[in-house]
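The values are calculated or read from the model by the stated rules, or taken from the named source; none is laboratory data. No experiment lies behind these values; they were computed from the predicted model shown. All Cβ positions, even for glycine, are placed from backbone atoms using ideal geometry, and neighbour counts span all protein chains on display. Remember, those area values only see protein heavy atoms, side chains included, never the ligands or the DNA or RNA. Shrake-Rupley method; radii C 1.70, N 1.55, O 1.52, S 1.80 Å.
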Amino acid sequence: MVQFCYMATEANDLLQKILKDNSYSLTKPRQLVCDLLYGRDPQSMRELVSSARGHIDRASLYRTIALFEKLGIVQRIYIGWKYKIELSDIFTHHHHHISCLKCGKIVAITEEDKIEQLIADLTAKHNFTAQNHQLEIRGLCPNCQSTS
Ligand SMILES: [Zn+2]
Ligand SMILES: [Zn+2]
């Protein structure tokens, strides 16, 4: 039995607001999917399917994730051609990732003022206003380097 960690109230209010603004209601499966992602490392669809087992079926899990992607509630992080799902930056602090192409380990990078400044400068240089950005670094983690 999986122990669900329930979402903090603010995150929950935000989820409700986004759904409501787009004329969707907060159904049990939607709430559950959000609970599964909240405060956790990015997860693959397979991991999500297995945590949700007995609560939501596979098809409604995929539908819920697709809706959440459309509404900007979750985002994909690509590791090679595979991806993992996490709640989008509006639910967490903006961050980037370094991921391991071999074992799929993902590390969140949070101390990155220089990167943010550089991205802001580049955006301004091209006379754009930035909405969002992703920056992902892919490679081999210390473990996988020593076994390869
Ligand atoms: Zn690795
Ligand atoms: Zn950034």
Tell me, which residue of the stretch 123-148 that is part of a helix (DSSP H, G or I) and hydrophobic (A, V, I, L, M, F, W, C) is most open to solvent (accessible area, probe 1.4 Å)?
124
Enumeration of residues in the stretch 39-78 that are β-branched (Val, Ile, Thr) and touching an Asp or Glu at 6+ places or on another chain (Cβ under 8 Å)
74, 77
Tell me yes or no: at least one residue of the stretch 56-69 is open to solvent by 40 Å² or more (accessible area, probe 1.4 Å) and among the aromatic types (Phe, Trp, Tyr).
yes
Going through 77, 85 one at a time, which residue ends up being within 16 Å of ligand 1 (Cβ to nearest atom), in a strand (DSSP E or B) and closer than 22 Å to residue 37 by Cβ?
77
Taking the conditions exactly as written (touching a strand residue (DSSP E or B) at 6+ places or on another chain (Cβ under 8 Å) and open to solvent by less than 70 Å² (accessible area, probe 1.4 Å)), does residue 116 satisfy them or not?
no
Counting only residues that are in a helix (DSSP H, G or I) and basic (Lys, Arg), which one in the stretch 23-49 is nearest to residue 103 (Cα to Cα)?
46
Restricting attention to the stretch 96-108, the residues that are loosely packed, with under 14 Cβ neighbours inside 10 Å and more than 16 Å from ligand 1 (Cβ to nearest atom) number exactly 0
All but one of (1) over 22 Å from residue 12 (Cβ atoms); (2) open to solvent by less than 70 Å² (accessible area, probe 1.4 Å) hold for residue 85, so report the exception by its number.
(1)
Looking only at the stretch 52-74, which residues are in contact with a helix residue (DSSP H, G or I) (Cβ under 6 Å, 6 or more places away or on another chain) and in a helix (DSSP H, G or I)?
52, 58, 60, 61, 64
If I go through the stretch 97-128 residue by residue, how many of them are of a type in the set (Ser, Thr, Tyr) and at pLDDT 90 or above?
2
Within the set of pairs 6+ apart or on separate chains, which have a first residue in the stretch 122-148 that is free of Cβ contacts under 8 Å to residues at least 12 places away in the same chain, a second that is in a loop (DSSP other than H, G, I, E, B) and open to solvent by less than 80 Å² (accessible area, probe 1.4 Å), and C-beta atoms under 7 Å apart?
123/130
Filter result (in a helix (DSSP H, G or I) and either in contact (Cβ under 8 Å) with a residue 24 or more places away in the chain or over 28 Å from residue 81 (Cβ atoms) (or both)) within the stretch 92-115
113, 114
